[in-house]
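Undergrad: Here it is: the structure, laid out below.
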């Protein structure tokens, strides 16, 4: 703002940003800029009940040269904040609070924290008693008509007077202002409320200020803000009876408009300047505030850290060399000079706790380059930085202004235990996890806006799926996606949706908990950051996000505790091996040259191996045939954009060392382990240091310049690099070659210490898989138990490894996947059974541990109580096969009432104390006779298995035809993943569903067909030419072989078929790999071939289910002797074959009558589905009518 621009005589004191989630819309930079452009000398931020944006706002205002007025609009409880009676305490009063100084700012943090932690009831509320306690240093405004004073005054002026008196007992008269607003169209009582305010001000000698209750930046944001309010309240824009403020201007309106609104009381404009002048808040930012580490008596940080290094170093190295001592002395001096001794004590302490508790840990980033971290046990025993040539200066150097950052990976099963330890050591009110915010990205904004505009899901889905994912803005999408721009220009509803969504892009939508961040404060956390509770309960979180709480913000020490599933898998494998083989695996002592491990890697058998399990990585690691951990480190570092181009060359050099060359002989010193190639960020830095004469201060700048690819900085660095490297003896042509490699590498390079840390974990998981296969696969499947696709893939991997995967068994299964000690097979856990769950499973396993295996059904039901022995659990255990050793499944189900009655009677006797001293012996003589019944056939058993476990385990319905399918399965369907997009693959399976599409433009037939193999199903797209030629074999239940390109458009994997054959065809040609499709997915086809789910929006297609008329209705008559088994089978068919055909179920009543019931589920009546139903109820009980 030019210095000569006239200053405004008004300041906005009541302003909501988008941190007033789903209520405010303006982002902070835009609000501050507009206030500055209007000549305002200050601006307030008063979000609803939170201070999320306070520091961002403070810094932005300071940068723009206007005064920040940090505040909140808090909620005042009608009674006390402990009162939470429905309807009585649901509504609270508003009150605007502004910090005059740092004490006031601290009190604001206390107020909002208490409101969230103690007073939350619909809103975060504070009561007047607590408000008074923390009122010092705060200016209060009476707020909008939802404030207590205006609201009470509207009920009666005497009530208003009473409210004023109460607030004047809390705040000094000079720091309490009454507030008026101008919203004549949306707040009918505003005029009367203002009159009351002026009257009370005169009576009590109070000053009045004008505010606008700002909720967005510009006047024309009102339509988008209205949509945001609908999103918050769950209403449609078209709804009449809803919160609606669109008819008044709630923007950051200019001073001139405020003066017009209050022309009769201009003092309310200038009084805002008085408030601004009273507020002079200064917040210290960018300075660390370390907590005190508790020291033993007589120790200092320096002596105690030295003591710990001296004690622990001999435990991790066989011999302490002069090089080690020199490195420690150098690092210690840097750490001490930069005042980070306390930081290292804090970090080593929780890593040591994890070690004692046997919780696996690892570090990310550059921490592994610190020898002191190694000596203290922060980094792994097998990660000596001297062995891997890891520089300390990449982690911390004398020139580096930023603090060290030791990011911890922790077994996710032990993460909460470590956070609990830290909380108890430093105080629960000193430690909190960190908040993070979810903002509206382009797709989400379109979906949200479309919903409140009343558009159908499918309409919105069409628009959203045209927007490229991952950081694409709507502006970019309109510029690059022709189909979207065409729709935008031609459809007024689409245009409206996108226009509103563009204004909401980037607006904060919700808050959640950061995956890793934890802060430790020197004192009570609320002296430094406001806090709240995680909405999912139980976790204290900061109201400030990660950057605000850390080094560049308020300066709290921030720890990254990232839960890593692979470390939990390692932990679990070690436990299982101890039980099954009585071997104690000490992870830090496994050999790093294990033959089995490198053989497994060389075969590419790395499914489930950390960092190495993707298909591309499996291919590369197989070609590489690694022999050292350095090879694994290199692959971890190279397998990413940019460096990936060097992988073929690395593999060539690995197998032919004569190809290893160095641009300059001096580079062998640091590139020998990477075969002469630039593999890590550190290699680039070493070139600058060793060959171009940079120091570490210059190298840090060099690293940032090439990493960010800022053209101006890159040019300057190139000139400096060339000048200095040529001066030190390198030929210009060699320097040019080197610079080109660095440019290719820039921005994607992996930190060497990070690669070493992750490479070691990759080796450890490979070692465990190679040496303890069933234990490893069991732990892996337990980790992925909620992801059926991964489980299916891992079952296939077990089969390939010769490990049997068995259904649950009451005497062999544990809670989760486990290893059968005698056979080495893997058993499904009891908790995997639907309706059983973890609690029941634990009861069964604990009882088995206490008293041994269950010897009979009678033994089982008498040793466990009603938590386990109930109808739901018992039926599920029986149907899943867990009770097979006691009785046949159908027999158990048929006798279930008798079993439960017996168990109940026995329990009652035990509860009543009627069993004699020798009752136990007497009980064993008792018998439980089960009536005979027909056995469940294989089809029924498999159906139950899939229903209760989510997949087929013992056998697959396709097992009889697998011999003709498997020879053609270049890929099993479960192996097709997003990484395979645009690749050419071949599958083999059975057609389970067909949807024909008739293109109205050309009247050609094409089809979407679903193909299922023994692992999964996938939708395939058959275009007209192929469909016309091969329609004879594209029939329900046919076993076929199909190949084509993989599409992953919109995150939905499909196969675009290029060739199709009957599986029984003797002349199927061998599979021939094709190059990746450049523009894969059906987006490259004509728009008339869109997904049939979008048919309602595409006039060019017509859907036909093969051999089915949409008007057909299927009537299923249940036999009079129908049992639960039949009902279950019908239910499964209905849920697994959805379609368009209505279904009527005829239920038997007393006598000869039937009750007809039209159900909600609609069915796809293909021949295969019809046949399945006939098999269940009989041909005479199935009718299909028009």
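The values are calculated or read from the model by the stated rules, or taken from the named source; none is laboratory data. It should be emphasised that the depicted structure is a prediction, and the values quoted were computed from it without experimental measurement. As a convention, Cβ positions derive from the backbone with ideal geometry for all residues, glycine included, and neighbour counts pool all protein chains shown.
Undergrad: Here is a list: 727, 713, 732, 719. Which entry is under 21 Å from residue 400 (Cβ atoms) and out of contact with any strand residue (DSSP E or B) (no Cβ under 8 Å at 6 or more places or on another chain)? Step through it out loud before you land on a result.
TA: Values: 727 fails: under 21 Å from residue 400 (Cβ atoms); 732 fails: under 21 Å from residue 400 (Cβ atoms); 719 fails: under 21 Å from residue 400 (Cβ atoms).
Of 727, 713, 732, 719, the one residue that is under 21 Å from residue 400 (Cβ atoms) and out of contact with any strand residue (DSSP E or B) (no Cβ under 8 Å at 6 or more places or on another chain) is 713.
Undergrad: Between a first residue in region 363-388 that is outside the structural domain of residue 323 (by TED's automatic domain parsing) and a second residue that is surrounded by fewer than 24 Cβ atoms within 10 Å (Cβ to Cβ), which pairs have beta carbons less than 7 Å apart while being 6 or more apart in sequence or on different chains?
TA: The qualifying pairs do not exist here.
Undergrad: Same structure, new question: Considering only region 662-672, I want to know if a residue exists there that is under 40 Å from the mean Cα position of the chain (by Cα), in the same structural domain as residue 636 (by TED's automatic domain parsing) and surrounded by 16 or more Cβ atoms within 10 Å (Cβ to Cβ). Steps first, please.
TA: Filtering region 662-672 down to residues under 40 Å from the mean Cα position of the chain (by Cα) leaves 670-672.
So of that shortlist, the ones also in the same structural domain as residue 636 (by TED's automatic domain parsing) come out as 670-672.
Pick out the ones that are also surrounded by 16 or more Cβ atoms within 10 Å (Cβ to Cβ) and you get 670-671.
Yes, there is a match, as at least one residue in region 662-672 is under 40 Å from the mean Cα position of the chain (by Cα), in the same structural domain as residue 636 (by TED's automatic domain parsing) and surrounded by 16 or more Cβ atoms within 10 Å (Cβ to Cβ).
Residue by residue, here is whether (1) in a strand (DSSP E or B); (2) within 30 Å of residue 1131 (Cα to Cα) holds:
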| position | (1), (2) |
| --- | --- |
| 951 | no, yes |
| 964 | no, no |
| 987 | yes, yes |
| 990 | yes, yes |
| 994 | yes, yes |
| 1014 | no, yes |
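Undergrad: Taking region 945-971 as the search range and keeping residues that are out of contact with any helix residue (DSSP H, G or I) (no Cβ under 7 Å at 6 or more places or on another chain) and within 17 Å of residue 804 (Cβ to Cβ), which one is surrounded by the fewest Cβ atoms within 10 Å (Cβ to Cβ)?
TA: 959
Undergrad: Taking residue 1133 and the conditions (1) outside any helix (DSSP H, G or I); (2) crowded, with 17+ Cβ neighbours inside 10 Å; (3) modelled with pLDDT of 75 or more, which numbered condition does it fall short on, given that it satisfies the others?
TA: Result: residue 1133 fails condition (1) only.
Undergrad: For region 182-200, how many residues meet the condition of being buried (at least 19 other Cβ atoms within 10 Å of the Cβ), touching a strand residue (DSSP E or B) at 6+ places or on another chain (Cβ under 7 Å) and closer than 21 Å to residue 11 by Cα?
TA: So the answer is 2.
Undergrad: Give the residues of region 207-236 that are in a loop (DSSP other than H, G, I, E, B), crowded, with 19+ Cβ neighbours inside 10 Å and in contact with a helix residue (DSSP H, G or I) (Cβ under 9 Å, 6 or more places away or on another chain), sorted by residue number. Don't jump to the end; show me each part of the working.
TA: Our first condition is that a residue be in a loop (DSSP other than H, G, I, E, B); within region 207-236, this holds for 207, 211-213, 215, 217-218, 234-236.
With the extra rule that they be crowded, with 19+ Cβ neighbours inside 10 Å, the set shrinks to 211-213, 215, 217.
Answer for region 207-236, where residues must be in a loop (DSSP other than H, G, I, E, B), crowded, with 19+ Cβ neighbours inside 10 Å and in contact with a helix residue (DSSP H, G or I) (Cβ under 9 Å, 6 or more places away or on another chain): 211, 212, 215, 217.
Every residue, every condition in (1) in contact with a helix residue (DSSP H, G or I) (Cβ under 8 Å, 6 or more places away or on another chain); (2) buried (at least 20 other Cβ atoms within 10 Å of the Cβ); (3) closer than 30 Å to residue 20 by Cα, yes or no:
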residue	(1), (2), (3)
502	yes, no, yes
508	no, yes, yes
515	no, no, yes
521	yes, yes, yes
526	yes, yes, yes
538	no, no, yes
546	no, no, yes
567	yes, yes, no
589	no, no, no
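Undergrad: For residue 744, only one of the following conditions fails: (1) more than 18 Å from residue 389 (Cβ to Cβ); (2) crowded, with 17+ Cβ neighbours inside 10 Å; (3) in contact (Cβ under 8 Å) with a residue 24 or more places away in the chain; (4) in contact with a helix residue (DSSP H, G or I) (Cβ under 7 Å, 6 or more places away or on another chain). What is its number?
TA: For residue 744, the failing item is (2).
Undergrad: Right, something else. Considering only residues that are in contact (Cβ under 8 Å) with a residue 40 or more places away in the chain and farther than 16 Å from residue 748 by Cβ, which ones fall in region 700-725?
TA: Residue satisfying the conditions is 700 alone.
Undergrad: Any idea which of (1) part of a helix (DSSP H, G or I); (2) within 22 Å of residue 778 (Cβ to Cβ) is the one residue 606 doesn't satisfy?
TA: Answer for residue 606: the failing condition is (1).
Undergrad: Pick from 252, 281, 285, 266: which is over 34 Å from the mean Cα position of the chain (by Cα) and surrounded by fewer than 18 Cβ atoms within 10 Å (Cβ to Cβ)? Can you show your working first?
TA: Values: 252 fails: surrounded by fewer than 18 Cβ atoms within 10 Å (Cβ to Cβ); 281 fails: surrounded by fewer than 18 Cβ atoms within 10 Å (Cβ to Cβ); 285 fails: over 34 Å from the mean Cα position of the chain (by Cα).
Exactly one residue qualifies, and that residue is 266.
Undergrad: Taking the residues in region 134-152 that are surrounded by fewer than 24 Cβ atoms within 10 Å (Cβ to Cβ) and in a helix (DSSP H, G or I) as candidates, determine which candidate is farthest from the chain's Cα centre (by Cα).
TA: 152
Undergrad: Of all the residues that make up region 619-655, how many are more than 32 Å from the chain's Cα centre (by Cα), closer than 22 Å to residue 670 by Cβ and not in a helix (DSSP H, G or I)?
TA: The number of residues fulfilling the criteria is 3.
Undergrad: Quick check: anything in region 406-416 assigned by TED's automatic domain parsing to the domain that holds residue 554 and assigned to a helix (DSSP H, G or I)?
TA: Pass one, region 406-416, residues assigned by TED's automatic domain parsing to the domain that holds residue 554: 406-416.
Subset that is assigned to a helix (DSSP H, G or I): 415-416.
Checked against the condition, which is being assigned by TED's automatic domain parsing to the domain that holds residue 554 and assigned to a helix (DSSP H, G or I), region 406-416 yields at least one hit.
Undergrad: Hey, another quick one. Which of the residues that make up region 724-735 are surrounded by 13 or more Cβ atoms within 10 Å (Cβ to Cβ) and either assigned to a helix (DSSP H, G or I) or out of contact with any helix residue (DSSP H, G or I) (no Cβ under 7 Å at 6 or more places or on another chain) (or both)?
TA: Hits for region 724-735 are 724, 725, 726, 734, 735.
The rows are residues; the columns are (1) touching a helix residue (DSSP H, G or I) at 6+ places or on another chain (Cβ under 7 Å); (2) under 23 Å from residue 1122 (Cβ atoms); (3) surrounded by fewer than 20 Cβ atoms within 10 Å (Cβ to Cβ).
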{"residue": "855", "(1), (2), (3)": "no, no, yes"}
{"residue": "860", "(1), (2), (3)": "no, no, no"}
{"residue": "872", "(1), (2), (3)": "no, yes, yes"}
{"residue": "879", "(1), (2), (3)": "yes, yes, no"}
{"residue": "888", "(1), (2), (3)": "no, yes, yes"}
{"residue": "893", "(1), (2), (3)": "yes, yes, no"}
{"residue": "896", "(1), (2), (3)": "yes, yes, yes"}
{"residue": "905", "(1), (2), (3)": "no, no, yes"}
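Undergrad: Restrict the check to region 509-528 and report whether at least one residue is out of contact with any strand residue (DSSP E or B) (no Cβ under 7 Å at 6 or more places or on another chain) and over 21 Å from residue 56 (Cα atoms).
TA: At the first step, the residues of region 509-528 found to be out of contact with any strand residue (DSSP E or B) (no Cβ under 7 Å at 6 or more places or on another chain) are 523-524, 526-527.
If we keep only those that are over 21 Å from residue 56 (Cα atoms) as well, we get 523-524.
The answer is yes; a qualifying residue exists.
Residue by residue, here is whether (1) closer than 20 Å to residue 927 by Cα; (2) in contact with a strand residue (DSSP E or B) (Cβ under 7 Å, 6 or more places away or on another chain); (3) assigned by TED's automatic domain parsing to the domain that holds residue 903; (4) assigned to a helix (DSSP H, G or I) holds:
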residue	(1), (2), (3), (4)
840	no, no, yes, yes
846	no, no, yes, yes
850	no, no, yes, yes
855	yes, no, yes, no
860	yes, no, yes, yes
878	yes, no, yes, yes
884	yes, no, yes, no
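Undergrad: Within region 176-206, track down each residue that is closer than 24 Å to residue 20 by Cβ and assigned to a helix (DSSP H, G or I). Please lay out each step first, then the result.
TA: Narrowing region 176-206 to residues closer than 24 Å to residue 20 by Cβ: 176-190, 193-194, 197.
Listed by number, the residues that qualify are 190, 193, 194, 197.
Undergrad: Working carefully through the options 445, 432, find the one that is within 20 Å of residue 512 (Cβ to Cβ), in the same structural domain as residue 525 (by TED's automatic domain parsing), under 21 Å from the mean Cα position of the chain (by Cα) and buried (at least 21 other Cβ atoms within 10 Å of the Cβ). So that I can check it myself, show each step before the final result.
TA: On the way: 445 fails: in the same structural domain as residue 525 (by TED's automatic domain parsing).
Residue meeting the stated conditions: 432.
Undergrad: Yes or no: residue 531 surrounded by 21 or more Cβ atoms within 10 Å (Cβ to Cβ), in contact with a helix residue (DSSP H, G or I) (Cβ under 6 Å, 6 or more places away or on another chain), at pLDDT 95 or above and farther than 30 Å from residue 428 by Cβ? Spell out the reasoning first.
TA: On the way: surrounded by 21 or more Cβ atoms within 10 Å (Cβ to Cβ): yes; in contact with a helix residue (DSSP H, G or I) (Cβ under 6 Å, 6 or more places away or on another chain): yes; at pLDDT 95 or above: yes; farther than 30 Å from residue 428 by Cβ: no.
No: the conditions fail for residue 531.
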